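A.B. asks: This is the structure, below, for whatever I ask next.
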Amino acid sequence: MSGNLSEEELMEIALKGYSEKIEPKSLKGYVPNVFDYIRRCENVDEAFQIIDFLVSRGELSERVAQVIKNTIIEKGLRFYGPKKEVGYYVEKYMVEED
């Protein structure tokens, strides 16, 4: 599956959309999921290419992919969270050194 999430968890996010609760507390052992990739996309075409790629690799089911695509068409790309710009992870998870 996509990242560390089960198909059920992916489907729940696909239907409910973004919530800060789904953000990882730490990047240690974190594997990006379809929604992390979507949040890097500039437009719907890019997002659909990513979704199709993950399906072709067996990392995302057709069922979840279709729900995500339909939701993006209906509610927009940012339904799954604000865009992640370059440096997002460094800024969000930067650890201060002593």
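A.B. asks: For region 54-72, enumerate the residues that are out of contact with any Leu (no Cβ under 9 Å at 6 or more places or on another chain) and closer than 13 Å to residue 38 by Cβ.
C.D. replies: 69, 72
A.B. asks: Here is a further query. Condition test on residue 60, is it outside any helix (DSSP H, G or I) and surrounded by 13 or more Cβ atoms within 10 Å (Cβ to Cβ)?
C.D. replies: Yes.
A.B. asks: On to the next question. Could you please find all residues in region 33-82 being under 18 Å from residue 16 (Cβ atoms), of a type in the set (Lys, Arg) and in contact with a helix residue (DSSP H, G or I) (Cβ under 9 Å, 6 or more places away or on another chain)?
C.D. replies: Answer for region 33-82, where residues must be under 18 Å from residue 16 (Cβ atoms), of a type in the set (Lys, Arg) and in contact with a helix residue (DSSP H, G or I) (Cβ under 9 Å, 6 or more places away or on another chain): 39, 63, 69.
A.B. asks: Continuing with this model, one more query. Pick from region 43-56 the residues that are touching a residue at least 12 places away in the same chain (Cβ under 8 Å) and part of a helix (DSSP H, G or I): which of them is farthest from residue 9 (Cα to Cα)?
C.D. replies: Filtering first and then ranking leaves 44.
A.B. asks: I've got another one for you. Just to be sure I understand the filter: pairs with C-beta atoms under 9 Å, separated by 6 or more residues or on different chains, first member in region 57-77 and on the phi > 0 side of the Ramachandran plot, second member in a helix (DSSP H, G or I) and hydrophobic (A, V, I, L, M, F, W, C). Which pairs pass?
C.D. replies: 76/44
A.B. asks: Output yes when any residue across region 20-39 is touching a Cys at 6+ places or on another chain (Cβ under 9 Å) and surrounded by 12 or more Cβ atoms within 10 Å (Cβ to Cβ), and no when none is.
C.D. replies: Checking region 20-39: not a single residue is touching a Cys at 6+ places or on another chain (Cβ under 9 Å) and surrounded by 12 or more Cβ atoms within 10 Å (Cβ to Cβ).
A.B. asks: Let me ask something else. Limited to region 18-59, what total is found for residues that are hydroxyl-bearing (Ser, Thr, Tyr) and farther than 17 Å from residue 72 by Cα?
C.D. replies: Matching residues across region 18-59 total 3.
A.B. asks: Still on this structure: For region 16-42, name all the residues that are part of a helix (DSSP H, G or I) and either within 9 Å of the chain's Cα centre (by Cα) or touching a residue at least 40 places away in the same chain (Cβ under 8 Å) (or both).
C.D. replies: Answer for region 16-42, where residues must be part of a helix (DSSP H, G or I) and either within 9 Å of the chain's Cα centre (by Cα) or touching a residue at least 40 places away in the same chain (Cβ under 8 Å) (or both): 34, 35, 36, 37, 38.
Any read-out appearing in this document is the output of simple, stated calculations on the displayed coordinates, not a laboratory observation. Worth saying up front: this structure is predicted, and the values here are computed from it rather than measured. Here Cβ is always computed from backbone atoms with ideal geometry, including for glycine, and neighbour counts include all displayed protein chains.
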